[in-house]
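Peer 1: Just dropping this structure here.
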Amino acid sequence: MKTEDRKKKLFLELFLIFLKIGAFTFGGGYAMIPLIQREVAEKKQWISERDILDVVAIAESTPGPIAVNSATFVGCKVGGFWGAFFATFGVVLPSFLIIFAVSFVLRQFESNRIVAYAFYGIRAGVLVLILRALISMYRQSEKNLLFCLLAAGAFVSVVFFDVNVLAVIVICAAAGLITSAWAAGREKS
């Protein structure tokens, strides 16, 4: 198979995988993380399980929706610029089409009890997906005193004191950098 044909096949696969993820995931980016992990790390092995943590960290710390950022990051890592383009287009297209279609009939469904109950069920499912992503990320993270303190401090700051999430991310990143620099300095001594 020619290089050009392999690239086209890769771009199509990226598009279709992220189209599927975008079409069948309710609840936003965090709910997509387990699906991205299964599809691109476990099934396709385009990235490692460890890379999933990097995907989440980068997607969370850059402007924009985490789902779009994750698709863009994975697509870029796997297929460069065009990989990023097709993965991002795939993950965005279902939401765009659904919102476009729903916008025409929204008023008719607002008071429908069946639709309201369906969304209660969807919310419960989304919570499970987010918890699964949390557990998976926890298992792959290094566990030490700093990790536990940062995780607990970030949780308490955001949930109980309504601290801006971006500030918490910056502080946690700075703490990680300082600790890494300190550990590297100790190793050289």
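Peer 1: What is the distance in Å between the Cα centres of region 117-189 and region 51-94?
Peer 2: Taking the Cα centre of region 51-94 as reference, the centre of region 117-189 is 20 Å away.
Peer 1: Provide Rg and Dmax in Å for region 24-85, with only Cα atoms included in the calculation.
Peer 2: Calculated on Cα positions, Rg and Dmax stand at 10.6, 29 Å.
Peer 1: Starting from 0.36 nm per residue, how many nanometres of slack lie between residue 132 and residue 2 once their C-alpha separation is accounted for?
Peer 2: Result for the pair: 42.8 nm of gain on full extension.
Peer 1: Could you report the chain's accessible area per residue, 1.4 Å probe, as an integer in Å²?
Peer 2: 67
Peer 1: Which number gives the lysine pairs in region 1-151 that have C-alpha atoms under 24 Å apart and are eight or more places apart or on different chains?
Peer 2: Within region 1-151, the lysine pair count is 20.
Peer 1: At a probe radius of 1.4 Å, what is the per-residue accessible area of residue 166, in Å² to the nearest 10?
Peer 2: My reading of the accessible area for residue 166 is about 110 Å².
Peer 1: In addition: Would you check the accessible area of residue 123, probe 1.4 Å, heavy atoms only, in square angstrom rounded to 10?
Peer 2: Approximately 140 Å² for this residue.
Peer 1: Dipole of the chain, Cα-centred, from +1 at each Lys and Arg C-beta and -1 at each Asp and Glu C-beta, to the nearest 20 debye?
Peer 2: 420
Peer 1: Follow-up question, since we're still on this one. What list of ³J(HN,Hα) couplings, whole Hz, do you get for region 94-100 from phi and the Karplus terms 6.51, -1.76, 1.60, once you set θ to phi - 60° and write x for glycine and proline?
Peer 2: Coupling constants for region 94-100: x, 4, 4, 5, 5, 5, 4 Hz.
Peer 1: Sorted by accessible area with a 1.4 angstrom probe, largest first, how do 50, 113 fall?
Peer 2: 113, 50
Peer 1: Sticking with this one: Taking 1 over the mean of 1/r across every pair of different Cα atoms in the chain, what Kirkwood radius in Å do you get?
Peer 2: One over the average 1/r among Cα pairs gives 18.7 Å for the chain.
Peer 1: Which FRET efficiency, nearest 0.05, do residue 116 and residue 9 yield, Cβ-Cβ r, R0 41 Å?
Peer 2: Once the sixth-power term is evaluated, E becomes 0.45.
Peer 1: Taking θ as phi - 60°, what are the ³J(HN,Hα) couplings along region 17-22 by the Karplus curve (6.51, -1.76, 1.60), each to the nearest whole Hz, with x for Gly and Pro?
Peer 2: Each residue of region 17-22 in turn: 5, 6, 5, 5, 4, x Hz.
Peer 1: When the chain is treated as a GNM, springs tying every alpha-carbon pair under 10 Å, which of 23, 84, 118 comes out with the largest mean-square fluctuation?
Peer 2: 118
Peer 1: Something else now. Assuming R0 = 41 Å, can you tell me the calculated FRET efficiency for the pair residue 20 and residue 188, based on Cβ-Cβ distance, to the nearest 0.05?
Peer 2: 0.30
Peer 1: Also, I was wondering about something else. Share of the chain's accessible area from carbon and sulfur, percent, 1.4 Å?
Peer 2: Here carbon and sulfur together make up 70 percent of the probe-accessible area.
Peer 1: Which order do you get for 8, 188 if you rank them by accessible area with a 1.4 Å probe, largest at the top?
Peer 2: 188, 8
Peer 1: Right, next: Can you give the accessible area of residue 26, probe radius 1.4 Å, in Å² rounded to 10?
Peer 2: Result for residue 26: roughly 110 Å² accessible.
Peer 1: Using 5 Å bins from zero, what percent of all Cα-Cα pairs in region 69-150 falls into each bin?
Peer 2: Reading upward from the zero bin: 3, 12, 9, 12, 16, 16, 13, 10, 6, 3, 0.
Peer 1: Where does each of 17, 135, 99 land when they are ordered by accessible area, with a 1.4 Å probe and the largest first?
Peer 2: 99, 135, 17
The values are calculated or read from the model by the stated rules, or taken from the named source; none is laboratory data. What you are looking at is a predicted structure, and each value in this text was computed from that prediction instead of being measured. With ideal geometry, Cβ positions are generated from the backbone for all residues, glycine too; neighbour counts draw on all protein chains shown. Side chains included, ligands, DNA and RNA excluded: accessible areas come from the protein's heavy atoms. Shrake-Rupley method; radii C 1.70, N 1.55, O 1.52, S 1.80 Å.
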